[in-house]
Every structure is written in structure tokens, then in C-alpha cells.
Amino acid sequence: MGVYDYHHDSGHSDRPAGHSDAPLAENEQESLAVSPYKAYVEVIADFSSDGRMKPLRLIWEDGHKYDIDSILRVDRCASLKAGGAGIRYVCRILGQRVELYYEENGFWFVTRKTPRA
């Protein structure tokens, strides 16, 4: 198994404006207009030889890094609060339950507890 940061290696980062290229910045602005609860994040993931993806670390918009302590469940699901759908990883980070989504477009997001102003 190896650790791979797809967006960092490919030159495409999930970081917000100031840390990313124009297409992501446009995507972020569109998502903010649609849902102030969606927060795009950068994720470091591990890929097994059979192609399974396991997120290891989440990097928040401000650059803070959070290790994923455990993955409690993985399923295909929609985020009713933030909008969007994909593979949902129900994780434990610093004792808190966090729902991390991987969209088909290759972006990762979490649902904010309070809407972005």
C-alpha cells in the first residue's frame, strides 16, 4: 500500500482560493452560492493494491491538518445538508464524528456545522 495525494501530485489541489488554480476557485464560488455548508478540503489517502482508497489525513481550508483516527463506515450517499453525493467516509477525528465525502469529480468535502457567511 502506498500513500498518494492525487491532487497535490497532479497540480490540482482541493485548497480554496489563494492555494488553488482557477477552476477550483470557480467551483468553490459556485458551491458557496448553492450551499454554505459545503467545505472542500484536501485529503491524503492510501491506496491498496486492489484499488481501495483509505483517507488518512484531512487538511482544512486554513491549512490545519487532522489525522483520521478511524473509519467507522464507508458507503455511497448524498449529503442532504451540503448538497452533493459520492462515497461517504464516516470518520473519527479527535474524538468527533466527521462525514467526509469523495465526489466523482475527484473533490473531497465535509459538511460545515455552521454555514459559511
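Each value in this text was obtained by applying a stated rule to the coordinates, not by laboratory testing. Here the structure is a predicted model, which is why all the values come from computation and not from measurement. Every residue, glycine as well, gets a Cβ built from its backbone with ideal geometry; the counts of neighbours run over all protein chains shown.
Here are a few things to note about the model shown:
- Among the residues of the stretch 69-113, the one identified as aromatic (Phe, Trp, Tyr) and not in a strand (DSSP E or B) is PHE107.
- Residue in the stretch 75-111 that is surrounded by the most Cβ atoms within 10 Å (Cβ to Cβ), counting only those that are under 17 Å from ILE44 (Cβ atoms) and more than 10 Å from the chain's Cα centre (by Cα): CYS91
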